[in-house]
């Protein structure tokens, strides 16, 4: 009897409950869900199960859920449930990565057979990733946060160390650097990986309903509260809460958050009895929280409560040597997402990218990759300014060589042939510029 989870997503309550009971009787560990969003909160790269989704649902349907899940992890098997009239749509979904589809009314033994094959496949995928990690090969953390510069090596080391713990963590970095990717990775490599991951944008919480949104309420707690409702904290029970841009949280709410962090209890609006809260808190900030404390905009006690496990996500300017590798990684992701062949990148293009400033960091670089994959007109890349001619020439030469090494997959012979220099000259220039082809070479090559 398999204990890997099966997420059953259907907005038809009767059909969902009936199917869940039948699968339970067949020995499957089923979690019935009414919305696609609930499945997205549970299924990440560490998820070891299968998703069954009705192809027609209100809001996000099965096709949209398939696409969203495969952006998180293309290896998650998704089985779509369809009516006979929708079979052509289901076949199209197979071409876009669905594991299989079943027609309603389905025969339970057939559904169980499809499920077992999908679960066996997922188990092999998870085990293969584990063995690659044990063997020192590229693991899921490096796949999400690629880069061979020292700042990225250090970030991944600290992330793995913190991820195995249950410590609340503060993630600091500029806009677009990948703070939410780091947070999601922390969740997915933690013991809480199979539980919800709930992200809360602290800057967008509605002022009038902020406490109800976070803590929930009982019926009659305020006008319009007709029935009890879980808040976001309670919805994440057993899992992880991400407080995105915590520096933007209203000052009076910070005291209540501090109490929750200390006591791991919440009290719904209109209730007297506290509710135990089993969650891990992650918080991100693009600003200096210490400065916010000095200016009276952030509570000092909350700052020190969060400032135990800290991860610093570097800007792209601090890992410029990673740009060729990272851009190729983003190109592959984008090509897979849009279902088009991988795009080859000329050394001259990588040179321009490596020489450019990226104020939007990885997010801006990802947009550039999207435009290239979609065949849109590339944005004109301006030459960097503000430096002496000799410095700019050195930067140009370094970027040209780094781009050529990345473009040729780390093979040095085509690099010096393309650049029209001797092998000895290439080695000398690589030493002068501090270039190591292992820092530029994509580890998948």
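The values are calculated or read from the model by the stated rules, or taken from the named source; none is laboratory data. Values in this document were obtained by computation on a predicted structure and should not be read as measured data. When we count neighbours, we look across all protein chains shown, and the Cβ atoms used for this are built from the backbone with ideal geometry, even at glycine.
So that you can scan it fast, the table gives a plain yes or no per residue for (1) under 30 Å from residue 97 (Cα atoms); (2) surrounded by fewer than 15 Cβ atoms within 10 Å (Cβ to Cβ); (3) modelled with pLDDT of 75 or more:
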| site | (1), (2), (3) |
| --- | --- |
| 318 | no, no, yes |
| 361 | no, no, yes |
| 374 | yes, yes, yes |
| 382 | no, yes, no |
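I'm trying to understand the selection: among the residues of the stretch 140-161, which are over 17 Å from the mean Cα position of the chain (by Cα), under 18 Å from residue 307 (Cα atoms) and surrounded by 14 or more Cβ atoms within 10 Å (Cβ to Cβ)? Within the stretch 140-161, just 158 meets the criteria. Inspection of the stretch 240-248 finds a residue satisfying the criterion of being modelled with pLDDT of 85 or more and either over 17 Å from residue 184 (Cα atoms) or more than 28 Å from the chain's Cα centre (by Cα) (or both). Restricting attention to the stretch 289-316, which residues are in a helix (DSSP H, G or I) and either without any contact (Cβ under 8 Å) to a residue 40 or more places away in the chain or crowded, with 18+ Cβ neighbours inside 10 Å (or both)? Once the filter is applied, which keeps residues that are in a helix (DSSP H, G or I) and either without any contact (Cβ under 8 Å) to a residue 40 or more places away in the chain or crowded, with 18+ Cβ neighbours inside 10 Å (or both), the stretch 289-316 yields 289, 290, 291, 292, 293, 294, 300, 302, 303, 304, 306, 316.
Of the candidates 88, 109, the single residue that is more than 30 Å from residue 313 (Cα to Cα), at pLDDT 85 or above, outside the structural domain of residue 327 (by TED's automatic domain parsing) and more than 28 Å from the chain's Cα centre (by Cα) is 109. Among the conditions (1) in a helix (DSSP H, G or I); (2) out of contact with any helix residue (DSSP H, G or I) (no Cβ under 6 Å at 6 or more places or on another chain); (3) at pLDDT 75 or above, residue 421 misses just one, which is (1). Only one of 203, 183 is touching a residue at least 12 places away in the same chain (Cβ under 8 Å), in contact with a helix residue (DSSP H, G or I) (Cβ under 6 Å, 6 or more places away or on another chain) and either outside any loop (DSSP other than H, G, I, E, B) or buried (at least 20 other Cβ atoms within 10 Å of the Cβ) (or both). Can you tell me which? That would be 203, the only listed residue that is touching a residue at least 12 places away in the same chain (Cβ under 8 Å), in contact with a helix residue (DSSP H, G or I) (Cβ under 6 Å, 6 or more places away or on another chain) and either outside any loop (DSSP other than H, G, I, E, B) or buried (at least 20 other Cβ atoms within 10 Å of the Cβ) (or both). Which one is farthest from residue 126 (Cα to Cα), of the residues in the stretch 19-39 that are at pLDDT below 90 and crowded, with 22+ Cβ neighbours inside 10 Å? Ranking the candidates gives 36 first.
Restricting 194, 147, 178, 136 to residues that are farther than 21 Å from residue 257 by Cα and at pLDDT below 80 narrows the list to 136. Scanning the stretch 360-378 for residues that are closer than 23 Å to residue 400 by Cβ and free of Cβ contacts under 8 Å to residues at least 60 places away in the same chain yields 365, 368, 369, 371, 372, 378. Report yes if residue 25 is within 17 Å of residue 194 (Cβ to Cβ) and assigned by TED's automatic domain parsing to the domain that holds residue 118, otherwise no. For residue 25, the condition - within 17 Å of residue 194 (Cβ to Cβ) and assigned by TED's automatic domain parsing to the domain that holds residue 118 - is not met.
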